[in-house]
Amino acid sequence: MRRSFGNLPSERGRGRSAAAAARAAERGFTMPELVATLTVAAVVTALVMPSYQYVTNSSRVSAEINALLGDLQYARAQAIKEGQPVTVCASADGLTCSGVTAWQQGWIVFSDPNANATVDAGEPIRRWQKPLTGTDTLDGGGLSALSFNRDGFPMAMAGTATMTLHDASATARWTRCVQVTRVGRLVTELSGVGACL
């Protein structure tokens, strides 16, 4: 004769609970559980998307303005090193200066011993920047070319120049500038700082 010990399940009871657990595992999610999960996922996505857009726009704009700043610094350093003028100019083809003040098409850095801001025979192109991505615009601040003399000072520049980068929306929070002073100081600025608008 078998004795039952209160709350301990019998062998037969254990088998039923295991079978019930197996059936419950096979069933999957109920419709209300699925709807609740999808709703939470949609809300989280809606909250994260503006942050993601900010990060991607900010990274792209920063990379583009830093590329310009780096090439201007390189040109200035090369002018001092070579002891002769070096020019940075807007260029659509990577071989010649385009003569426009819109730099989003790209630019080149080249040795310019005669300081005419034109790529002549025998003047090597040191760097070439391809066009900016998307619909970003880069206003040269009235400059189609910028030459540095052997002392690192900008040539033929009356005052300070501000080159301004805008994204397609021209929103102030995405605007970045490079300011070039008469003594060759190069500074990046955010919108609302100095002449950066």
Hey, which of the strands (runs of 3 or more DSSP E) in segment 126-175, taking only ones fully inside, have at least 1 residues that are under 15 Å from the mean Cα position of the chain (by Cα) and of a type outside the set (D, E, K, R)? 137-139, 161-166
Given the residues 165, 143, 138, which is the only one that is touching a strand residue (DSSP E or B) at 6+ places or on another chain (Cβ under 9 Å) and either without any contact (Cβ under 8 Å) to a residue 60 or more places away in the chain or surrounded by fewer than 17 Cβ atoms within 10 Å (Cβ to Cβ) (or both)? 143
May I ask you to list the residues in segment 1-44 that are modelled with pLDDT under 65 and polar (S, T, N, Q)? 4, 7, 10
If I ask for residues that are among the small types (Gly, Ala, Ser), part of a loop (DSSP other than H, G, I, E, B) and under 25 Å from the mean Cα position of the chain (by Cα), which ones from segment 78-93 would you list? 91, 92
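Here is a list: 98, 58. Which entry is at negative phi, in contact with a Ser or Thr (Cβ under 6 Å, 6 or more places away or on another chain) and in contact (Cβ under 8 Å) with a residue 24 or more places away in the chain? Break it down into steps so the answer makes sense when it comes.
Details: 58 fails: in contact with a Ser or Thr (Cβ under 6 Å, 6 or more places away or on another chain).
Result of the check over 98, 58: 98.
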What single numbered condition from (1) in contact with a Lys or Arg (Cβ under 6 Å, 6 or more places away or on another chain); (2) surrounded by 15 or more Cβ atoms within 10 Å (Cβ to Cβ) fails to hold for residue 83? (2)
Number of positions in segment 118-135 that are without any contact (Cβ under 8 Å) to a residue 40 or more places away in the chain and crowded, with 16+ Cβ neighbours inside 10 Å: 2
State all residues of segment 86-113 that are surrounded by 18 or more Cβ atoms within 10 Å (Cβ to Cβ) and more than 18 Å from residue 140 (Cα to Cα); if no residue qualifies, say none. 111, 112
When only residues in segment 46-79 that are of a type in the set (Val, Ile, Thr) and closer than 21 Å to residue 163 by Cβ count, which is surrounded by the most Cβ atoms within 10 Å (Cβ to Cβ)? 65
Confirm whether residue 144 is farther than 26 Å from residue 61 by Cβ and either touching a Pro at 6+ places or on another chain (Cβ under 8 Å) or not aromatic (Phe, Trp, Tyr) (or both). no
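Can you tell me which of 47, 68 is among the hydrophobic types (A, V, I, L, M, F, W, C), modelled with pLDDT of 90 or more and part of a helix (DSSP H, G or I)?
On the way: 47 fails: modelled with pLDDT of 90 or more.
Exactly one of 47, 68 is among the hydrophobic types (A, V, I, L, M, F, W, C), modelled with pLDDT of 90 or more and part of a helix (DSSP H, G or I), namely 68.
The values are calculated or read from the model by the stated rules, or taken from the named source; none is laboratory data. Predicted model only: the values in this text are computed from it and were never measured. Note that we place each Cβ from the backbone using ideal geometry, even for glycine, and neighbour counts take in every protein chain shown.
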